[in-house]
Amino acid sequence: MEIDVQTLVFEFIGGLGIFLLGLKSMGDGLQKSAGDKLREILDRFTSNPFMGVLAGIIVTVLIQSSSGTTVLTVGLVNAGFMTLRQSIGVIMGANIGTTVTAFIIGIDIGQYALPILAAGAFLIFFFKNNRIIYLGQTIFGFGALFFGLELMSSGMYPLRELQAFQDLTVSMSDNSILGVVIGTVFTFIVQSSSATIGILQELFSSDAIKLEAALPVLFGDNVGTTITAVLASIGATIAAKRAAFTHVIFNLIGTTVFVILIGPFTELVMFLQAQFNLNDPMTIAFAHGTFNITNTLMQFPFIGGLAWLVTKLIPGEDVLVEYKPKHLDPIFIQQSPSVALDQAKEEILHMGEYAHKGLVETSQYLNTHNQKHAELAMQIEGALNNLDREITNYLVQLSGTSFSDQESAKHTALLDSVRDVERIGDHFENILELIQYKISNKINLTAQAKVDLNEMFDLTAITVKQAIQALGDMNRETALEVVHKENQIDQMERTFRKKHIIRLNEGECVGAAGIVFVDILSNLERIGDHAVNIAEEVLQGKGPEQQ
């Protein structure tokens with residue numbers, strides 16, 4: 001039989017493209033319908049490993065991608081929202097959640113793919129309501145999934161007649177490792193285990209591959225999908241690298257065990273097929289589900305051991321930006337408002353230290369252009385926003401309690417201070433964006449402009465540090481120094497602006513560089529204003545007695 005290679009290739013790659021588009025559209029639609037609560041689900045429901053597994057399953061079903069969930073988890077670990085142990089449960093859950101796509105594919109509705117596609121497109125184009133549009137996106141994705149599969153299926157059908165392909169499947173039946181490698185490599189290329197398992201389901205249902213050859217490829221698909229998280233962890237914190245590596249180890253251990261037990265596992269899958277009268281795609285889905293659920297059950301008791309192993313394999317102290325407050329205990333709100341105020345103050349001081357560190361990292365980014373400094377500063381800015389929310393909520397809850405006059409004054413001062421610290425974060429974020437704009441547009445500052453900026457950065461950083469110290473000790477002398485330094489910052493900004501205009505007039509400096517320079521000065525001056533606001537709270541004598 002003559003095989004039309006062009007049709008085979010075109011139908012396969014076109015079908016794969018439509019399948020991946022469908023998967024993404026379905027995931028996006030589900031994600032938007034659920035609201036952007038995914039991060040919250042992962043953050044809130046990972047208090048213990050079992051809840052982590054459940055959260056991993058739910059989020060993966062919502063976004064239709066275990067890689068997506070793992071990348072999200074790596075991001076949360078990177079940001080300090082989640083510990084390594086919590087992330088392991090989520091990753092295990094993601095592996096189970098991803099099997100849902102295979103079960104969906106197992107439902108034989110390929111012949112209705114086009115009307116489903118049309119229904120989805122109709123909802124997207126003829127309605128203005130966002131909820132209906134998201135539903136349309138999900139339905140469109142669902143239809144595209146099956147239409148892509150149908151195309152791939154007709155493209156791959158002639159493969160069963162191809163001698164070289166038959167020889168390859170025989171080799172995979174005899175040598176499980178070869179099947180695992182093929183599954184891993186193909187999933188790595190496509191970046192979606194759902195797609196490669198969909199292809200496997202179609203090959204199996206068109207008799208192009210036997211079950212003994214299909215199962216090792218299935219195991220390899222699970223290993224290949226871990227690569228996405230590893231790529232996402234490049235340049236991330238050590239904790240994030242460990243989370244990504246856990247995903248690799250988890251699937252490698254599972255694959256190794258199942259390759260050793262390939263005989264009994266094949267028997268089990270055949271038994272399930274006969275018992276439940278499963279069609280071919282559903283048989284692969286059951287095999288995939290059994291693999292991932294058994295793997296999770298097998299390794300779940302050893303989460304602590306997995307965490308210990310990756311910590312040994314990826315050594316080093318991790319620089320963690322803690323997003324969550326450490327001191328805000330709700331029990332004190334009713335029982336002892338004065339202790340609660342002290343707790344909130346401790347948290348604001350912790351937040352202030354972050355603001356100073358973020359400013360220093362921004363300064364280093366300006367001088368070195370090393371992305372590492374920008375990433376850390378942005379993490380810190382995220383932490384400041386979160387701490388601001390948590391501390392403000394805590395203080396608002398406290399406002400309902402009975403305060404003495406002094407406590408009431410301290411409460412007001414803390415509410416003001418937390419806002420000032422958060423605004424410092426906003427300003428150094430502005431500066432980071434200006435530096436990024438400068439780098440991407442290849443804008444060069446003059447040597448004198450760099451010297452001036454560094455001088456003002458140093459003075460502003462010291463001012464912020466002293467303002468936080470003054471708040472911590474309620475020390476009037478330190479607060480007065482802050483006021484004095486802030487006057488220097490104001491004077492410095494005026495002087496440097498004038499020098500810049502002279503450079504501009506003499507043609508030493510270009511307009512674009514001038515905009516960046518002046519905007520950075522302006523943001524630093526505003527940071528000085530917020531530092532002085534914090535010092536003013538001390539000078540006005542709000543809060544505990546002066547020392």
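Given the pairs Lys24/Lys128; Lys438/Lys498; Lys442/Lys499; Lys345/Lys465; Lys357/Lys499, which span a C-alpha to C-alpha distance of over 25 angstrom in this model? Walk me through the intermediate numbers first.
Values: Lys24/Lys128 21 Å; Lys438/Lys498 21 Å; Lys442/Lys499 22 Å; Lys345/Lys465 16 Å; Lys357/Lys499 29 Å.
Result: Lys357/Lys499 exceed 25 Å.
If we count trypsin sites (Lys or Arg not before Pro) as exposed when they sit in a DSSP loop and have at most 12 other beta carbons within 10 Å, what is the longest stretch of the chain that avoids them all? List each step's numbers first, then the result.
On the way: sites that count: Lys128, Lys326, Lys442.
With trypsin sites (Lys or Arg not before Pro) excluded where exposed in loops, the chain gives 129-325 as its longest stretch.
Stretched out fully, how many nm does the piece from Ser408 to Ser33 gain, at 0.36 nm a residue minus the Cα gap? Please report the intermediate quantities before stating the final value.
Numbers: separation 375, 0.36 × 375 = 135.00 nm, distance 4.33 nm.
Fully extending the segment from Ser408 to Ser33 adds 130.7 nm.
Roll a 1.4 Å probe over the protein chains and send me the accessible area per residue for region 27-112 in Å². Don't jump to the answer; show the numbers that get you there.
Numbers: 3170 Å² over 86 residues.
I get 37 Å² per residue for region 27-112.
Potential lengthening of the chain between Val230 and Ser47 amounts to 63.4 nm, from the contour at 0.36 nm per residue minus the alpha-carbon distance.
Available extension along the chain between Glu40 and Asn367 is 114.1 nm, counting 0.36 nm per residue and deducting the alpha carbon span. For region 91-164, the convex hull spanned by the alpha carbon atoms encloses 123 Å³ per residue.
Counting only alpha carbon atoms, the long axis of helix 66-78 and the longest principal axis of the chain meet at about 20°. Approximating the spin labels as points 7 Å out from Cα along Cα→Cβ, the Ile107-to-Asp4 distance works out to 3.3 nm.
Mean sequence separation of contacting Cα pairs (under 8 Å, at least six apart), scaled by the length of region 393-547, corresponds to a relative contact order of 41 percent.
Given 25 °C and 0.890 mPa s, how large is the Stokes-Einstein diffusion coefficient of the chain in µm²/s, with Rh as the Kirkwood radius over Cα pairs? Answer from the Stokes-Einstein relation: 91 µm²/s. In this rough spin-label picture, where each label sits 7 Å from Cα along the Cβ direction, the Asn279-Leu313 distance is 3.9 nm.
Using only Cα atoms, tell me the angle between helix 262-275 and the longest principal axis of the chain; keep it within 0 to 90° and round to the nearest 10. Helix 262-275 sits at roughly 70 degrees to that axis. Across every pair of non-identical alpha carbons in region 409-535, the mean reciprocal distance, once inverted, gives a Kirkwood radius of 15.4 Å.
Can you give the helix-only mean residue ellipticity at 222 nm for the chain, where every DSSP H stretch with n ≥ 4 adds -39500 (n - 2.57) and the sum goes over all residues, rounded to the nearest 500 deg cm²/dmol? Present the calculation step by step, with values, prior to reporting the outcome.
Values: 24 runs with 443 residues, N = 547.
Counting only the DSSP helices, I get -27500 deg cm²/dmol.
Taking Cα atoms only, the orientation of helix 113-126 departs from the longest principal axis of the chain by about 30 degrees. Loop-located chymotrypsin sites (Phe, Trp or Tyr not before Pro) in region 67-152 (DSSP state not H, G, I, E or B) with no more than 14 neighbouring Cβ atoms inside 10 Å: Phe127. Label-to-label distance, Leu162 versus Ile293, with points set 7 angstrom from Cα along the beta-carbon direction: 3.5 nm. Taking Cα centre as origin and charging only the Cβ of basic (Lys, Arg, +1) and acidic (Asp, Glu, -1) residues, the dipole magnitude of region 160-287 rounds to 580 debye.
Over all directions, what mean area does the Cα convex hull of region 347-494 project, stated in square nanometres? All intermediate terms of the calculation are to be shown ahead of the outcome.
On the way: hull surface 38.6 nm².
It is 9.7 nm².
Ligands, DNA and RNA left out, the accessible area of the chain computed with a 1.4 Å probe is 60% carbon and sulfur.
So, with +1 on the Cβ of K and R and -1 on the Cβ of D and E, and no other charges, what is the size of the charge dipole of the chain about its Cα centre, to the nearest 20 debye? All intermediate terms of the calculation are to be shown ahead of the outcome.
On the way: 35 positive and 56 negative charges, 37 e Å.
The dipole of the chain has a size of about 180 debye.
Counting only GluC sites (Glu not before Pro) that sit in a DSSP loop (anything but H, G, I, E, B) with at most 12 other Cβ atoms within 10 Å, what is the longest stretch of the chain containing none of them?
On the way: sites that count: Glu2, Glu317, Glu506, Glu545.
Counting at most 12 other Cβ atoms within 10 Å as exposed, the longest clean stretch of the chain is 3-316.
Local charge for Ser47 was computed over the other residues whose Cβ lies under 13 Å away, with Lys and Arg +1 and Asp and Glu -1, and equals +2.
The values are calculated or read from the model by the stated rules, or taken from the named source; none is laboratory data. The structure presented is a predicted model; accordingly, all values stated were derived computationally and were not measured. Glycine gets a Cβ as well: all are built from the backbone with ideal geometry, and neighbour counts include every protein chain shown. Quick note on the areas: whole protein, heavy atoms, side chains included, nothing else; ligands and nucleic acids left out. Shrake-Rupley method; radii C 1.70, N 1.55, O 1.52, S 1.80 Å.
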